[in-house]
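Okay, structure first, notes after.
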Amino acid sequence: MLQALARDQFPALLAEPGVVYLDSAATTQKPRRVIDAVAAELAGPAANPGRGAYPWSSRAARRVAEVRERVARFIGAQGPDEVVFVPGATAGLNAVALSWGMANLADGDEILYSPLDHSSTVYPWLNLRDMLARSGTRITLVPYSVTATGEADTAYIRSKVSPRTRLIVATHVHSLFGSMTTLEELRGQIGCQVRLCFDCTQSAGHVQVDVTGLDADFVVFSAHKMFGIPGTGVLYARRRVHPELAPFLPGGNSAVRLDEGRLQGLQMPERLEGGTPDLPGIAALGAALDFIDELGVGRIAAHGQALTRFLIDRLREIRHLTLLPGVAWGQCSAGYGIVSFRLDGVRSDDLGFALSAHGFYLRAGRHCLPAGSGYEDSVRVSVHVYNSGAELSRLAGVLSGLAGGAG
Ligand SMILES: Cc1ncc(COP(=O)(O)O)c(C=O)c1O
């Protein structure tokens with residue numbers, strides 16, 4: 001049976017042994033070292049990084065710089081200048097819209113996106129279109145479809161790419177379908193005017209995120225879904241797009257200059273940052289990276305894959321249960337920790353409550369997809385390093401009972 005990779009390092013799980021936490025796609029539990037790192041940050045001398053001429057301030061600036069360098073190595077960036085700290089994935093995607101979209105898009109330009117992605121990966125482009133329209137610039141959002149396995153339909157995308165396409169937005173691992181999209185099939189087939197933006201919120205900390213392998217211009221993810229804490233995230237912006245990025249959050253700590261009354265952006269990544277950095281969150285992210293490195297991304301990925309396949313096999317035995325599009329419908333080697341399903345005749349909210357009463361904490365309902373996605377009434381199981389095969393077996397047993405017995 002598949003053992004948990006690391007359960008004993010999570011105080012919240014040790015405190016409630018009766019709970020099976022299966023909602024890591026919403027947020028992960030925090031390992032002891034992350035909790036300790038936040039406590040140490042708060043217990044130490046408070047100082048605003050880079051704003052004081054005294055050692056506490058320069059030490060704080062050094063701590064931020066070190067974590068930035070760690071993040072750059074973690075995602076295979078060329079350097080720390082490509083790593084912008086943002087409050088989370090939602091903020092990162094909106095930063096792309098505001099910093100890049102507002103400054104670069106012209107009348108008639110097009111953005112390709114999937115309306116079945118997480119709302120945070122959809123709404124920033126709708127908002128960008130409306131903001132540009134107010135100043136007389138009309139851009140078009142071109143929706144693309146997903147396949148039965150829940151991946152972006154690259155053949156469809158290829159057919160929709162036009163000379164006016166400026167941005168393709170994709171989710172690396174989908175928050176409901178659990179499938180992986182890399183757009184690899186499009187490499188070398190799209191013009192150099194097209195920028196690629198990947199939402200890696202559900203892949204970071206689960207599998208290796210390699211911005212070069214993805215050929216990404218922008219990548220976003222949230223620290224709290226990879227053992228860090230809420231309020232911190234990363235926007236990767238590739239060097240080649242730096243000339244196209246305008247300040248969108250100018251203020252104290254921003255790299256900007258006033259030139260004859262006009263604001264000019266200076267060096268990256270500080271051009272896109274403003275205000276006092278989130279020091280506890282950045283410290284937590286550093287500790288989360290230590291935790292992930294210690295376990296090894298490869299081992300974490302193998303664990304996630306084994307649990308996913310194990311769960312799919314158990315769920316397939318349950319009568320009246322339908323698996324949503326996703327890895328269950330594709331290659332039997334794929335699995336990234338997320339599986340979603342429906343049970344005939346049972347509302348997912350009711351199922352969520354029933355499972356919660358049995359100690360299984362998971363996600364049921366709308367799943368943050370835009371309204372009208374058609375997948376509102378479903379249940380999502382999402383696992384991480386603290387989950388085991390025994391937990392998933394017990395879940396399948398309870399589900400089977402609720403469904404009226406195994407088929
Ligand atoms: C794929 C994806 N993108 C973006 C987000 C938004 O993340 P945050 O709320 O941390 O900004 C989520 C959160 O569930 C997600 O799953």
Picked from segment 218-255 (must be surrounded by fewer than 17 Cβ atoms within 10 Å (Cβ to Cβ) and without any contact (Cβ under 8 Å) to a residue 24 or more places away in the chain), the residue nearest to Ala6 (Cα to Cα) is Arg240
So for segment 348-368 (the condition being of a type in the set (Gly, Ala, Ser), in contact with a Phe, Trp or Tyr (Cβ under 7 Å, 6 or more places away or on another chain), closer than 24 Å to His206 by Cα and not assigned by TED's automatic domain parsing to the domain that holds Tyr113), does at least one residue qualify? no
The condition from (1) surrounded by fewer than 20 Cβ atoms within 10 Å (Cβ to Cβ); (2) aliphatic (A, V, I, L, M); (3) under 22 Å from the mean Cα position of the chain (by Cα); (4) not in a helix (DSSP H, G or I) that Leu2 misses is numbered (3)
If we take segment 211-325, then strands (runs of 3 or more DSSP E) inside it with 2 or more residues that are more than 16 Å from the ligand (Cβ to nearest atom) are 256-259, 262-265, 321-323
Flag if Leu176 is under 20 Å from the mean Cα position of the chain (by Cα) and buried (at least 23 other Cβ atoms within 10 Å of the Cβ): yes
The condition of being touching a strand residue (DSSP E or B) at 6+ places or on another chain (Cβ under 8 Å) and either closer than 28 Å to Asp290 by Cβ or surrounded by 19 or more Cβ atoms within 10 Å (Cβ to Cβ) (or both) holds, among Leu141, Leu132, Leu183, only for Leu183
In segment 93-151, anything β-branched (Val, Ile, Thr) and more than 26 Å from Gln202 (Cα to Cα) is listed as Thr137, Ile139, Thr140
Exactly one of Glu151, Glu66 is charged (D, E, K, R) and away from the ligand (no atom under 16 Å from the Cβ), and that residue is Glu66
Selection over segment 79-112 where residues are in a helix (DSSP H, G or I) and either closer than 22 Å to Pro49 by Cα or within 16 Å of the ligand (Cβ to nearest atom) (or both) yields a count of 13
Outside any helix (DSSP H, G or I), at pLDDT below 95, over 20 Å from the mean Cα position of the chain (by Cα) and farther than 19 Å from Gln3 by Cβ - does that describe any residue in segment 346-365? yes
Considering residues that are buried (at least 21 other Cβ atoms within 10 Å of the Cβ), without any contact (Cβ under 8 Å) to a residue 60 or more places away in the chain and in contact with a strand residue (DSSP E or B) (Cβ under 7 Å, 6 or more places away or on another chain), the number found within segment 313-360 is 4
Restricting segment 301-311 to residues that are touching a helix residue (DSSP H, G or I) at 6+ places or on another chain (Cβ under 9 Å) and surrounded by 22 or more Cβ atoms within 10 Å (Cβ to Cβ), the one farthest from Met226 (Cα to Cα) turns out to be Leu311
In this structure, is Ala204 within 13 Å of the ligand (Cβ to nearest atom) and either farther than 18 Å from Thr308 by Cβ or not assigned by TED's automatic domain parsing to the domain that holds Cys332 (or both)?
yes
Against the definition (at pLDDT 95 or above, within 16 Å of the ligand (Cβ to nearest atom) and on the phi < 0 side of the Ramachandran plot), how does Pro143 come out, yes or no? no
Subset of segment 145-171, residues more than 15 Å from Leu112 (Cα to Cα) and touching a Leu at 6+ places or on another chain (Cβ under 9 Å), comes to Gly150
Filtering segment 156-185 down to residues that are of a type in the set (Gly, Ala, Ser), in contact (Cβ under 8 Å) with a residue 24 or more places away in the chain and either away from the ligand (no atom under 16 Å from the Cβ) or part of a loop (DSSP other than H, G, I, E, B) (or both) yields Ser162, Ser175, Gly178, Ser179
Scanning segment 42-69 for residues that are part of a helix (DSSP H, G or I) and under 20 Å from Ala255 (Cβ atoms) gives Ser57, Ser58, Ala60, Ala61, Arg62, Arg63, Val64, Ala65, Glu66, Val67, Arg68, Glu69
Checked segment 14-32 for anything more than 16 Å from the ligand (Cβ to nearest atom) and either in a loop (DSSP other than H, G, I, E, B) or crowded, with 18+ Cβ neighbours inside 10 Å (or both); matches are Glu16, Pro17, Gly18, Val19, Val20, Pro31
Of Ala72, Ala43, the only residue that is more than 16 Å from the ligand (Cβ to nearest atom) and either touching a helix residue (DSSP H, G or I) at 6+ places or on another chain (Cβ under 7 Å) or in the same structural domain as Val327 (by TED's automatic domain parsing) (or both) is Ala72
- Among the residues of segment 186-205, is any of a type in the set (Val, Ile, Thr), within 18 Å of Thr121 (Cβ to Cβ) and part of a loop (DSSP other than H, G, I, E, B)? yes
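The values are calculated or read from the model by the stated rules, or taken from the named source; none is laboratory data. Bear in mind that the values here come from a model prediction, so they are computed numbers and not experimental data. Using ideal geometry, Cβ is built from the backbone for each residue, glycine included, and neighbour counts are taken over all protein chains shown.
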